[in-house]
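One structure below.
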Amino acid sequence: MQTVTGLTSIVQISGMACSQFARLAHHNAETLRELIVRPATEANWLVLIYDGTETPAVFDSLASLSVIVADTSYATTWAAINDAKPFPILSKLDVGGGYPFDDDLLFRGNGGTLRSLRLSFSVIARNALCRFDILKRSGVTRMNSIHIGPVMEHDKVQLTERTDLPIVEQARRIFEVATALKANCDITGALVVFSTISTAPRPDTIQHLDFSKPIIELTGVILLISKLISLVSLTCNIRGLGASIESIPSNDRPRTLHAKYYPLSDNFRKLSVPSTAIASADMIARVAMLIAIVCPNFVHVDISPALREDFSREIAWSTYCRSFKPFVNDISRLIYSD
């Protein structure tokens, strides 16, 4: 198939040798619109770009690219490729696995077209975003979505050994350009996100945040909503109210939180709790009602269908409680109609 041309899509699935796919992709650089490639070695990568020539290929029809490198050691670095812009019109880029590249080749020339970006955490642990000014290139103003992969064990080792890495600064740059952000991270990544939000100027770009893996208390939800001033929807795993709110007598909480925070946000409308969450319907309802009291346009909680009846029952019962009487209209809109 090495002589076949005119292809618009090539997908290399896991377990297949890369060199043949890289050569086939190189020969179809003018027509490819989608490419998924898994270079196992630097030699595979050079075949894709050069295939033995001195002139780099230009994939000038390629809109979607996935480059998935087996998790390489942080001691491994592939030589930089200079003066080449092989992917000038990408709108979707997925960088999976390791990031052994000593350059920003994947990002050159597509600052004005790239809208969806999925990055393994190794990109951040290699300091690529700051080192190459990837999110400050010409044309980069807003991206529809950015997805950060999980922090793997070898990433944690890198972070431990390289305490000088500007992790928060890179996270801040992501917050400056992403409309939707999914951070598929554990507590290590959660601390980075919260540290960024707590110390940075209030970013006005993030409208949708998926932060579903770490468990967050209501105090953390309030922090996210207050700092992300354009936030419309939040996906997170709810644990409880948090110590500072728990210390308020239960009968006083609605009035106290309303007096302290209202209006927390006019933009926030939706809370999603993943089906894998361990929180009970009652706990989710108590958190949701307190959010509704401080966010005037909060109208919907997306939870597992199995929890909806108990969730609605808890809210309906609360409408008869004296502490929630002034806020009946606010909390009633959360009840499921079915």
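The values are calculated or read from the model by the stated rules, or taken from the named source; none is laboratory data. Model, not experiment: these values are computed from the prediction. Note that we place each Cβ from the backbone using ideal geometry, even for glycine, and neighbour counts take in every protein chain shown. SASA here: full protein model, heavy atoms, side chains in, ligands and nucleic acids out. Shrake-Rupley method; radii C 1.70, N 1.55, O 1.52, S 1.80 Å.
Report the charge-dipole magnitude of the chain in Debye, nearest 20, computed about the Cα centre from +1 at each Lys and Arg Cβ and -1 at each Asp and Glu Cβ.
Its charge dipole is roughly 1020 debye.
For N237, which sequence-distant residues (separation of 5 or more, or a different chain) have an amide H within less than 5 Å of its own amide H, given hydrogens modelled in the peptide plane?
Excluding prolines and chain starts, which carry no amide H, the hits are I216.
May I ask for the equivalent-ellipsoid semi-axes of the chain, computed as the square root of five times each C-alpha gyration tensor eigenvalue and listed largest first in whole Å?
46, 20, 17
With a 10 Å cut-off between alpha carbons and a GNM built on the chain, which of P88, P249, P100 moves the most?
For the chain, modelled as a Gaussian network with Cα springs under 10 Å, the answer is P249.
Under 5 Å between amide hydrogens, which residues at least 5 positions from A178 or on another chain qualify, with H placed 1.01 Å from N in the peptide plane?
The list, which skips near neighbours in sequence, is M143.
How large is ³J(HN,Hα), in whole Hz, for each residue of region 128-133 in order, when computed from phi with the Karplus curve 6.51 cos²θ - 1.76 cosθ + 1.60 and θ = phi - 60°, using x for Gly and Pro?
With the stated coefficients, region 128-133 comes to 5, 5, 7, 4, 10, 6 Hz.
In the chain, with Lys and Arg counted as +1 and Asp and Glu as -1 at Cβ, which of these residues, N82, T256, I303, has the Cα nearest the positive end of the dipole, that is, farthest along it?
Ranked along the dipole, the leading option is T256.
For the chain, modelled as a Gaussian network with Cα springs under 10 Å, which listed residue fluctuates most, P150, P254, P263?
Its mean-square fluctuation being the largest, the pick is P263.
Out of L209, I49, A25, whose Cα points farthest toward the positive end of the dipole of the chain (charges: +1 Lys, Arg; -1 Asp, Glu; placed on Cβ)?
Final value for the positive-end residue is L209.
Per the Kirkwood definition applied to all pairs of different Cα atoms, how many angstroms is the hydrodynamic radius of region 3-99?
Hydrodynamic radius (Kirkwood, Cα pairs) of region 3-99 is 13.5 Å.
Would you kindly find the accessible area of S244, with a 1.4 Å probe and non-protein molecules such as ligands, DNA and RNA excluded, rounding to the nearest 10 Å²?
My reading of the accessible area for S244 is about 70 Å².
Given a cut-off of 25 Å, what percent of all Cα-Cα pairs of region 52-165 lie beyond it?
Of all Cα-Cα distances in region 52-165, 21 percent exceed 25 Å.
With θ set to phi - 60°, apply the Karplus curve 6.51 cos²θ - 1.76 cosθ + 1.60 along region 94-102 and write out the HN-Hα couplings as whole Hz, x wherever there is a Gly or Pro.
Per-residue couplings from phi come out as 10, 10, x, x, x, 10, x, 5, 9 Hz.
Round to a whole number: what % of the accessible area of the chain belongs to carbon and sulfur, probe 1.4 Å?
51 percent
What pairs in K213/K325; K92/K227; K85/K156; K227/K325; K182/K270; K213/K270 have C-alpha atoms more than 24 Å from each other?
K213/K325; K92/K227; K85/K156; K227/K325, as the Cα separations exceed 24 Å there.
Just want to confirm a number: the relative contact order over the chain, from Cα pairs under 8 angstrom separated by 6+ residues, in percent.
Value for the chain: 8 percent.
When only alpha-carbon atoms count, how far does region 275-338 stretch along each of its three principal axes, as whole angstroms with the largest first?
Answer, in whole Å and largest first: 33, 21, 21 Å.
Where does the longest stretch of the chain lie that holds no GluC sites (Glu not before Pro) found in a DSSP loop with 15 or fewer other Cβ atoms within 10 Å?
Here the longest segment lacking exposed loop sites spans 55-338.
How large is ³J(HN,Hα), in whole Hz, for each residue of region 41-51 in order, when computed from phi with the Karplus curve 6.51 cos²θ - 1.76 cosθ + 1.60 and θ = phi - 60°, using x for Gly and Pro?
9, 4, 4, 4, 5, 5, 5, 4, 7, 10, 6
Can you give the angle from 0 to 90° between the axis of helix 187-199 and the longest principal axis of the chain, with both taken from C-alpha atoms, to the nearest 10?
Taking the Cα atoms of the chain, the angle to 187-199 is about 70 degrees.
Jot down the per residue volume, in cubic angstrom and as a whole number, of the convex hull over the alpha-carbon atoms of region 87-245.
Spread over its residues, the Cα hull of region 87-245 gives 110 Å³ apiece.
Find which of S226, F121, Y320 sits farthest along the positive direction of the dipole of the chain, computed with +1 on the beta-carbon of Lys and Arg, -1 on that of Asp and Glu, about the Cα centre.
Checking the options against the dipole of the chain, the answer is Y320.
If you fit an axis through the alpha-carbon atoms of helix 18-27 and take the longest principal axis of the Cα set of the chain, what angle between them do you get, 0 to 90°, nearest 10?
Once rounded, the angle reads 80 degrees.
Can you give the three extents of the C-alpha atoms in region 102-190 along their principal axes, from longest to shortest, in whole Å?
That works out to 35, 26, 18 Å along the principal axes.
For region 209-326, what log10 I(q)/I(0) values come out of the Debye formula at q = 0.13, 0.15, 0.22 1/Å, with one point per alpha carbon and no solvent?
Results for region 209-326 at q = 0.13, 0.15, 0.22 Å⁻¹ read -0.45, -0.62, -1.43.
Using only the alpha-carbon atoms, how far is helix 218-227 inclined from the longest principal axis of the chain? Give it as 0 to 90 degrees, nearest 10.
60 degrees
So, taking all protein chains as they sit and a 1.4 Å probe, how much accessible area belongs to Y50, in Å² rounded to tens?
50 Å²
With every protein chain present, what accessible area does V140 have (1.4 Å probe, heavy atoms only), rounded to the nearest 10 Å²?
Looks like 20 Å² after rounding.
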